[in-house]
Amino acid sequence: MRLLSTLLAFFLLFNLNVYSQKKVGVVLSGGGASGLAHIGVLKALEENNVPIDYIVGTSIGALVGGLYASGYSPNQIEELITSEEFSLAAKGSINEDYIFYLKENPTNPGLINWNFNLDSLFETNIPTNFISSIPIDFGLMQYFAPADGKAKENFDSLFIPFRCLASDITNKSLAVFKEGNLASSIRASMTYPFFIAPITIDGNVMFDGGLYNNFPVDILCDEFKVDYIIASDVASELEPPNTDNLVSQIRNMLIKAPKYELICQKGIIINSKVDDISTFEFEDGSDIISRGYESTIELMDSIKHNIAFERKVTEVSKRRNRFNVSKPELIFHQIETEGIHHTQDKYLIKEIDKEKDGFDIEDLEKPYMKFASDPKIKTIYPTYEYDSISKEFNLLLEIKKQKNFKATFGGVFSSKPISTGFLELDYQNLGATGVRASGNIFFGNFYSSAQAKFRWEIPFDIPFYMESSYTINQYDFFNSRSTFVEEEDPPYIISSERFAEFNFGLPVTTKSKLVLGASYTWKNFEYYQSNNFNRGDTSDLSLFEGSSFYGRFDFNSLNHKMYASKGVSLNLMLRYINGREETTPGSTSSDQTFFKKKHDWWIFRGVLEKYFFEKNSFRIGGLIDGVVSNQPFFQNYTATVLNLTQFQPLPENSTLFQPRYRALSYLGGGLKTIYTFNEKLDFRLEGYVFQPYEAIVSDIDGKANLLEEGVDRSFIATFTSVYRTRLGPLAASVNYFDDEKNEFSFLVHFGFIIFNRKAYE
């Protein structure tokens, strides 16, 4: 009898305990980068044994909530969000290691790109997104597909029952996702207008769920039977639209201001202190997460008092481990593509190791991103299906090609008279082969240029391209030397060249290529051999016409096209040149004899730039530039020096004629120390040494002569601050050169000091 009474009491106590266990639902609002605070909220709840039975999120809240519901712990989510991989994806950037260097367009000073089609209306040519969604879409597939396979696309069967919502602008209604493709549902929910391109689900165009409901407490109440609500709100109140702020205008046009209140059950709202975080400021992830954690800890006593039930973190970890162990491994059995020519399809699939029974995410990522880095590809959207019989995934890649035409605008605006405008127009097409035809112009007082180029890309097992081009360059060094303080006796030198070129390129590795080519060049140099000339004097004129043949190896993994701070660049070139010089002396020349002679020579050049040390925000890099040549002397010293290669480790060097840094053979190099603040502002201190094998000097008659080996040495130093805007760099530098008249130079510029390649570079 006593045993029966004991069992009855235990049964009643057990049922009373179960009955008293309140079901807790968590709501995660939208809010852009400030939504990273949700991770801190989940971390604090789990560490303090607060149960989480249901989770609903919108926008960034859908991403964080979806990761938690898929079996990722708060610490794992934090590790992912603060990784370089996430930082690159948030910027729409592909990892530099995967970009196919062979397919990259040549570096240019472009600041703004506009892709368009001639046969389309103006509205359809307006860009729909600021960043590429390719790395985001790949990452969502990578992190959500296994949980989706385990749950069989039923969000109630995830580690935590989950809901997310998107704005269906086709039907002008709110879409609540409770089943289907998890990665696509979350992608739809976080598609901020004009930042990421929209996607379609069941034929309907989806945008950010925060547009129609940024605080989905009502969705939690409708979908789940909850007793207590913990709502994390990081969405700041809508500010009035600003005429100078496009984002504020979009918000006020599209976002329906929600009521930040609990409507169905008792609960608590956690307001993390993140009002100072801008929508796309993902760089300070750790700080934002900490703010969410601290805000939750401040309210923990109230939360525990109202729930009166704990779920031990050890219990949650065990249950999470059981869920994760049962998730299928992300192995792909079959891959199909849609939207590209079958030749390109075959090339992409061959890049993936198909000899095995299946391929995993690591087998896929490199060729996927390599193919996606082609400028002629706009988006690749991966859709997966899980086959429960084979226990493998099937993959469909929906590929959208870039529009056929692209206009690029840019250049540099400078405190010195080297400001240059830039315009380029491209035609690109991806069919059985790839085609790119382009033309550009540079216009300015110092530099002007025009170039036409045609490239044909063939996707064989070893892909290659053939390219032909015609380039005109002119440098007016006389107009490039004035600064805030007028320079004394600037040299009068105008260098012009025209060259036609044909080359053949093929990959060596993903980040390197070998280029073989030939060119025919016409060079004109107008100059005075002395700075003592009058308006009525005529300049010397040296002409050189001839052919060249070359081989060039290029490797590039630098993170920026100017003022790099990470990566490696290696360029090796061997060139043979054969041609004829004609020099007509001007009125100030001591030798009035017309000069005509054939020349031939070879030149080898190697340039290595490498950043080899990084600790926190401090980085160190180095540069080595070496030239070996047997170039003969031209008729006079100036003509000889003008045909030599110049050591130019700083951007300003390329805008100056500096005979001191030119030689037949030389070795130059130095160190770069960089302190980076907030990934946007760099402070750079650099120093270089230039050592010619035999320095070239001018004798009393203006002829070129060689000094003894290694007797002359020159130095270059700079302190530069660089602020990286979304368009391009804003830089200010103080430069030191070994120049008897002008040792120090001060330069401020916005944009890129980048020009078309010279004939013999």
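Structure values in brief
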item	result
Rounded accessible area of Met562 (nearest 10 Å², 1.4 Å probe)	20
Highest-first arrangement of 646-655, 683-692, where packing means the average Cβ count within 10 Å	646-655, 683-692
Cα-based helix-to-principal-axis angle, 60-69 vs the chain, degrees rounded to 10	60
Exposure rank, largest accessible area first [Asp476, Asp227; 1.4 Å]	Asp227, Asp476
Phi to ³J(HN,Hα) by Karplus 6.51 cos²θ - 1.76 cosθ + 1.60 over region 664-672, Hz, x for Gly, Pro	4, 9, 7, 9, x, x, x, 10, 10
Cα radius of gyration and Dmax for region 108-223 (Å)	16.6, 54
Accessible area of Val325 in the full protein assembly, 1.4 Å probe (Å², nearest 10)	120
The chain, dipole about Cα centre (Lys/Arg Cβ +1, Asp/Glu Cβ -1), debye to the nearest 20	1140
Alpha-carbon centroid distance for the pair region 127-199 / region 54-108, whole angstrom	14
Cut-off under 5 Å, modelled amide H: who pairs with Thr58 long-range	Leu28, Gly30
Computed accessible area, His333, all protein chains, 1.4 angstrom probe, square angstrom	90
Cα point-scatterer Debye curve for region 395-543, base-10 log of I(q)/I(0) at q = 0.19, 0.21 Å⁻¹	-1.22, -1.32
Karplus 3J(HN,Hα) series, Hz, for region 93-101 with 6.51 cos²θ - 1.76 cosθ + 1.60 (x for Gly, Pro)	9, 8, 3, 4, 5, 9, 5, 7, 4
Cβ-based charge dipole, the chain, positive-most Cα from Ile700, Ile603, Leu516	Leu516
Unmatched cysteines, the chain - criterion: no other Cβ of a Cys under 4.7 angstrom	Cys164
Mean ellipticity per residue at 222 nm, deg cm²/dmol - from DSSP H runs of n ≥ 4 across the chain, formula -39500 (n - 2.57)	-6500 deg cm²/dmol
Which of Val748, Pro193, Gly444, positive extreme of dipole for the chain (C-beta unit charges)	Pro193
Share of pairwise Cα separations in region 576-683, more than 24 Å, in percent	45
Radius ratio Rg over Rh of region 648-724, counting only Cα atoms, Kirkwood formula for Rh	1.13
Long pairs among Lys152/Lys391; Lys511/Lys610; Lys22/Lys327; Lys152/Lys178; Lys150/Lys318, criterion Cα-Cα beyond 19 Å	Lys22/Lys327
Per residue accessible area of region 654-718, 1.4 Å probe, in Å²	47
Trypsin sites (Lys or Arg not before Pro) restricted to DSSP loop in region 150-212 with at most 13 other C-beta within 10 Å	Lys152, Lys172
Alpha carbon convex hull of the chain, volume per residue in cubic angstrom	192
Sparse-neighbourhood loop sites, chymotrypsin sites (Phe, Trp or Tyr not before Pro) in region 530-599 - DSSP loop, at most 11 other Cβ within 10 angstrom	Phe594
GluC sites (Glu not before Pro) lying in DSSP loop within region 303-374, provided at most 12 other Cβ fall within 10 Å	Glu329, Glu355
When the convex hull of its Cα atoms is projected in every direction, mean area for region 671-761 (nm²)	8.7
The chain: angle of helix 37-47 to the longest principal axis, Cα-based, in degrees nearest 10	40
Region 719-761 shape via C-alpha gyration tensor axes, a/c threshold 1.5	oblate
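The values are calculated or read from the model by the stated rules, or taken from the named source; none is laboratory data. Bear in mind the structure is a predicted one, so any value in this text is a computation, not a measurement. All Cβ positions, even for glycine, are placed from backbone atoms using ideal geometry, and neighbour counts span all protein chains on display. SASA here: full protein model, heavy atoms, side chains in, ligands and nucleic acids out. Shrake-Rupley method; radii C 1.70, N 1.55, O 1.52, S 1.80 Å.
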